[in-house]
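Shown next, in structure tokens, is the structure this report addresses.
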Amino acid sequence: MSMTTTHKDRSPETEILGLQTDTPETESVGVLSGPVNRLAAELAGLEAPTAPIQLPSKEELTVRLVNISLLQRLDELRGDVTLLQTIFWTIAGGLLGLITTLFGSVQSTILFDKAAGALLVLLTIFLGLFGFLWRRASKRADEMTKKIFEPDANR
């Protein structure tokens, strides 16, 4: 008498995965399934571990395909935002350092001349320019993110 199972005796997991089993006892899916799992639990004096499996709804399993060029463009925009943000904060630190040096003590106010004033104005202009560019690039990156990841934004 043979111990092999017939097609109708197989579990759905065995059918889906195409597993061939010799006995109904080994028709489990997993690395520590079947007799090994039971043996380990028995040796440890515990119940065999089980975990409930709950599949998400069909709406949650929906996969939305996105054009790779849009993702690459979004990555470029985010890189631009990071670069502009870095330049902005570097200039802000330099401007703060210059202001601290020029107006930090009574003796340093004597050193304030046309070159220091020009540098102060120039750093302030660059700070405003890079702040504007940073904000514009951030808005463009946010718009691109909405376009890619929010399906209602495309309609």
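The values are calculated or read from the model by the stated rules, or taken from the named source; none is laboratory data. Just so it is clear, the model here is predicted, and its values are computed rather than measured. Because the Cβ atoms are built from the backbone with ideal geometry, glycine has one as well, and the counts that use them run over all protein chains shown. Areas reflect the complete protein model, heavy atoms only, side chains present, ligands, DNA and RNA absent. Shrake-Rupley method; radii C 1.70, N 1.55, O 1.52, S 1.80 Å.
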Top-ranked residue in segment 51-107 [being open to solvent by less than 90 Å² (accessible area, probe 1.4 Å), part of a loop (DSSP other than H, G, I, E, B) and among the hydroxyl-bearing types (S, T, Y); ranked as modelled with the highest pLDDT]: S57
The lone exception for L39 - which of (1) in a loop (DSSP other than H, G, I, E, B); (2) modelled with pLDDT under 85; (3) surrounded by 10 or more Cβ atoms within 10 Å (Cβ to Cβ) it fails: (1)
Residue match in segment 10-21 (condition: under 30 Å from K146 (Cα atoms) and either at pLDDT 60 or above or outside any helix (DSSP H, G or I) (or both)): no
Selection within segment 129-149 - of a type in the set (A, V, I, L, M, F, W, C) and open to solvent by 100 Å² or more (accessible area, probe 1.4 Å): F132, F149
